[in-house]
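The values are calculated or read from the model by the stated rules, or taken from the named source; none is laboratory data. Note that this is a predicted model, so its numbers are computed, not measured. Using ideal geometry, Cβ is built from the backbone for each residue, glycine included, and neighbour counts are taken over all protein chains shown.
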Amino acid sequence: MKDEQPRLGELSDALARARAEVARVIVGQDEAIDLAMVALVCEGHVLFEGVPGIGKTLLARSLSRTLSLGFSRIQFTPDLLPADVLGTTIISQSGGGLDLRFEAGPVFSNIVLADEINRASPKTQSALLEAMQERSVTLRGESRALPRPFMVLATQNPIEMEGTYPLPEAQIDRFLFKVLVGQPNREELCEILDRTLGQELPEATPVLGPTELPALQAAARDIVVPEVVRDRAARAVLATQPGRPEAPESVRKWVRYGAGPRGAQALVMAAKARALMEGRPNAALEDLERCLLPALRHRVALNYEGLSEGLTPDRLVEEAWASLSGAVRR
């Protein structure tokens with residue numbers, strides 16, 4: 001364990017440098033930056049929900065530049081086709097004859113920004129399912145591996161819902177986190193004006209090379225998860241399921257379905273990444289709590305009564321967590 005401490009410190013310092021470089025460009029949004037870094041270490045995907053113009057695209061682009069990764073942006077619209085995302089086979093002339101050649105789509109990149117993902121049709125949304133889970137796409141019966149690392153950062157607008165297609169449960173469950181991105185406060189808004197209305201716009205510079213991120217991802221999986229942490233994660237997930245005896249009364253009354261195995265995996269893996277970022281060899285209960293809402297809020301669906309009462313998944317996830325310790329979270 002003593003031999004591991006210097007290595008953990010080096011890895012933690014590397015992540016801190018990368019985070020600081022992203023924060024140099026993005027004003028505020030500390031939680032969004034932290035969770036994006038955690039998700040990248042976990043090899044997970046993130047769904048950002050927030051109004052336009054608060055830096056979601058800039059965050060994705062800055063993250064890719066800081067880590068020397070490829071970046072592509074897909075603007076999801078109702079007329080977008082699966083081939084526009086995955087790529088297609090085209091006919092080309094070669095050696096005096098005709099040949100079939102695969103033209104890769106924008107999904108073949110390290111960090112893919114799926115902007116306003118809920119504006120595309122369900123058929124196009126489903127084109128990302130295999131890519132997000134298997135890190136590959138299948139076209140014309142041939143499977144093609146995506147670059148590694150591979151991460152989808154998707155955005156959706158919670159206000160303007162006309163002409164949108166809500167993400168199906170099977171797809172939303174593939175996101176490691178759902179992050180609610182809020183508006184900046186007065187100080188942050190003034191800082192944004194100072195930074196963006198001058199002669200030069202701030203731009204992220206590479207801090208880590210493409211070979212360093214796989215080492216960080218491998219190190220995160222080596223972080224030890226004590227039995228008490230693993231057990232609390234499992235119990236927290238079961239407490240969100242209305243049919244379970246562990247569920248509190250509010251969950252049994254207002255929830256249609258709760259989180260499943262992917263929710264537990266997200267909690268534990270995120271706790272590992274948090275521990276790595278702080279240079280600790282073991283995950284702790286505090287790591288679980290800090291990732292609780294982003295990991296579970298999109299995996300808990302309210303029933304009709306819960307929606308009519310104006311409840312939120314966040315409140316019910318918090319009450320499920322509080323029921324495990326007998327204390328209400330603040």
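Here is a yes/no grid of residues against (1) modelled with pLDDT of 90 or more; (2) under 26 Å from Pro202 (Cβ atoms); (3) of a type in the set (Ser, Thr, Tyr):
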site	(1), (2), (3)
Val51	no, yes, no
Leu59	no, yes, no
Leu63	no, yes, no
Ser68	no, yes, yes
Thr77	no, no, yes
Ile91	no, no, no
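Of the candidates Arg256, Arg274, the single residue that is surrounded by 24 or more Cβ atoms within 10 Å (Cβ to Cβ) and touching a residue at least 40 places away in the same chain (Cβ under 8 Å) is Arg274.
There is no residue in segment 252-270 that is of a type in the set (D, E, K, R), farther than 27 Å from Arg24 by Cβ and modelled with pLDDT under 90. Can you confirm whether segment 172-193 contains a residue that is within 28 Å of Leu302 (Cβ to Cβ) and more than 20 Å from the chain's Cα centre (by Cα)? No. Would you check if there is a residue in segment 262-275 being among the hydrophobic types (A, V, I, L, M, F, W, C) and more than 30 Å from Arg17 (Cβ to Cβ)? Within segment 262-275, one or more residues are among the hydrophobic types (A, V, I, L, M, F, W, C) and more than 30 Å from Arg17 (Cβ to Cβ).
Residues Pro242, Pro281, Pro202, Pro206: which one is in contact with a strand residue (DSSP E or B) (Cβ under 8 Å, 6 or more places away or on another chain) and surrounded by fewer than 17 Cβ atoms within 10 Å (Cβ to Cβ)?
On the way: Pro242 fails: surrounded by fewer than 17 Cβ atoms within 10 Å (Cβ to Cβ); Pro202 fails: in contact with a strand residue (DSSP E or B) (Cβ under 8 Å, 6 or more places away or on another chain); Pro206 fails: in contact with a strand residue (DSSP E or B) (Cβ under 8 Å, 6 or more places away or on another chain).
Result of the check over Pro242, Pro281, Pro202, Pro206: Pro281.
The single condition among (1) more than 23 Å from Pro294 (Cβ to Cβ); (2) among the hydroxyl-bearing types (Ser, Thr, Tyr); (3) in contact (Cβ under 8 Å) with a residue 12 or more places away in the chain that Thr155 does not meet is (1). Only residues that are farther than 22 Å from Thr312 by Cβ and assigned to a loop (DSSP other than H, G, I, E, B) were counted in segment 222-246, giving 5.
Could we say that Pro214 is at pLDDT below 80 and either over 19 Å from Leu35 (Cβ atoms) or part of a loop (DSSP other than H, G, I, E, B) (or both) here? Quick ask: steps written out before the conclusion?
Working: at pLDDT below 80: no; either over 19 Å from Leu35 (Cβ atoms) or part of a loop (DSSP other than H, G, I, E, B) (or both): yes.
Here the answer is no, as Pro214 does not meet what is asked.
Just name the residue that is farthest from Leu35 (Cα to Cα) out of those in segment 247-270 that are among the small types (Gly, Ala, Ser), touching a strand residue (DSSP E or B) at 6+ places or on another chain (Cβ under 9 Å) and part of a helix (DSSP H, G or I).
Restricting attention to segment 247-270, the residues satisfying the condition of being among the small types (Gly, Ala, Ser) are 247, 250, 258-260, 263-264, 266, 270.
When the remaining residues are screened for being touching a strand residue (DSSP E or B) at 6+ places or on another chain (Cβ under 9 Å), the result is 247, 258, 266, 270.
Subset that is part of a helix (DSSP H, G or I): 266, 270.
On the way: Ala266: 12, Ala270: 9 Å.
Ranking the candidates gives Ala266 first.
Just one residue in the set Val228, Val237 is outside the structural domain of Ala36 (by TED's automatic domain parsing), closer than 28 Å to Tyr304 by Cβ and either modelled with pLDDT of 95 or more or among the β-branched types (Val, Ile, Thr) (or both); that residue is Val237.
Considering (1) under 18 Å from Ser62 (Cα atoms); (2) touching an Asp or Glu at 6+ places or on another chain (Cβ under 7 Å), the lone condition that Asn157 does not fulfil carries the number (1).
Summed over segment 129-142, the residues that are at pLDDT 85 or above and assigned to a strand (DSSP E or B) give a count of 2.
In this structure, is Thr196 without any contact (Cβ under 8 Å) to a residue 60 or more places away in the chain, within 25 Å of Ala18 (Cα to Cα) and not assigned by TED's automatic domain parsing to the domain that holds Ala264? Break it down stepwise before answering.
Numbers: without any contact (Cβ under 8 Å) to a residue 60 or more places away in the chain: yes; within 25 Å of Ala18 (Cα to Cα): yes; not assigned by TED's automatic domain parsing to the domain that holds Ala264: yes.
Against the criterion (without any contact (Cβ under 8 Å) to a residue 60 or more places away in the chain, within 25 Å of Ala18 (Cα to Cα) and not assigned by TED's automatic domain parsing to the domain that holds Ala264), Thr196 qualifies.
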